[in-house]
Amino acid sequence: MSIKTDHVLDAKGLACPMPIVKTKKAMKEVMPGQVIEVQATDKGSLADIQAWAKSSGHQYLGSTEEGEVLKHYLRKSGDAEAKEDKNFPHTVQNEEIIQKLDSGEDVVILDVREPAEYTFGHIPGAVSIPLGELENRMDEISKDKEIYVVCRTGSRSDLASKQMEEKGFENIKNAVQGMVEWSGPLEKNQ
């Protein structure tokens, strides 16, 4: 099957959040209605691209896989279709999360990274639900508790926080510094 595209973006070898960063930039260069093919090797890019397209108003058409390369297809929306790309307004710094955990407060740490990322280092007690599975697994999270959403850099957790708010969660904060700046305790799965 040959898919006609107007632009090809090479994001191979890049890790989150770079495929999304490059896609956002490339979308500014194409005309409404045109289709862009994003080539990526980061397996997490599938969920990231889908969530970003949904939040930005662009149309996610689908993805194919050729060997190690994922090819994502997006259609640029017109001005009437596009949503303003904005960050989730309720954020938290890592230090505040560490203080909450140290004081024994009953909070939920939701880690939306991919399973491999979670395995090699996560906040003790964190619930692992990758961004791509979140929509179907939200019922596993208590709406009654304070929820801190974390990923590697704060990008996927931003998208996750927006999704959760749309589904009626009210007490959510995005950990904008992400795990790359985490200085608290870490747990690893064996």
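The values are calculated or read from the model by the stated rules, or taken from the named source; none is laboratory data. Please read these numbers as outputs of a predicted model, since none were measured by experiment. A quick note on method: Cβ atoms are made from the backbone with ideal geometry, for glycine too, and the neighbour counts reach across all protein chains shown.
Within region 129-146, being touching a residue at least 24 places away in the same chain (Cβ under 8 Å), more than 20 Å from G62 (Cβ to Cβ) and either part of a helix (DSSP H, G or I) or not assigned by TED's automatic domain parsing to the domain that holds E166 (or both) holds for one residue alone: M138.
Would you tally the residues in region 162-176 being in a loop (DSSP other than H, G, I, E, B) and under 22 Å from P115 (Cβ atoms)? Walk me through how you get there before you give the answer.
The initial filter retains those residues of region 162-176 that are in a loop (DSSP other than H, G, I, E, B), namely 167-171, 176.
If we keep only those that are under 22 Å from P115 (Cβ atoms) too, we end up with none.
The total comes to 0.
Those residues that are small (G, A, S) and either surrounded by 17 or more Cβ atoms within 10 Å (Cβ to Cβ) or in contact (Cβ under 8 Å) with a residue 60 or more places away in the chain (or both), I need them from region 5-14; list them, please. Explain how you work it out, then say what you get.
Taking region 5-14 first, the residues small (G, A, S) are 11, 13.
The one that is small (G, A, S) and either surrounded by 17 or more Cβ atoms within 10 Å (Cβ to Cβ) or in contact (Cβ under 8 Å) with a residue 60 or more places away in the chain (or both): A11.
Is it the case, given these coordinates, that V149 is part of a strand (DSSP E or B), outside the structural domain of K25 (by TED's automatic domain parsing) and without any contact (Cβ under 8 Å) to a residue 40 or more places away in the chain? Considered against the rule, which asks whether it is part of a strand (DSSP E or B), outside the structural domain of K25 (by TED's automatic domain parsing) and without any contact (Cβ under 8 Å) to a residue 40 or more places away in the chain, V149 comes out as yes. Looking at region 100-157 only, could you name the residues that are out of contact with any Pro (no Cβ under 9 Å at 6 or more places or on another chain), more than 24 Å from S55 (Cβ to Cβ) and surrounded by 20 or more Cβ atoms within 10 Å (Cβ to Cβ)? Within region 100-157, just H122 meets the criteria.
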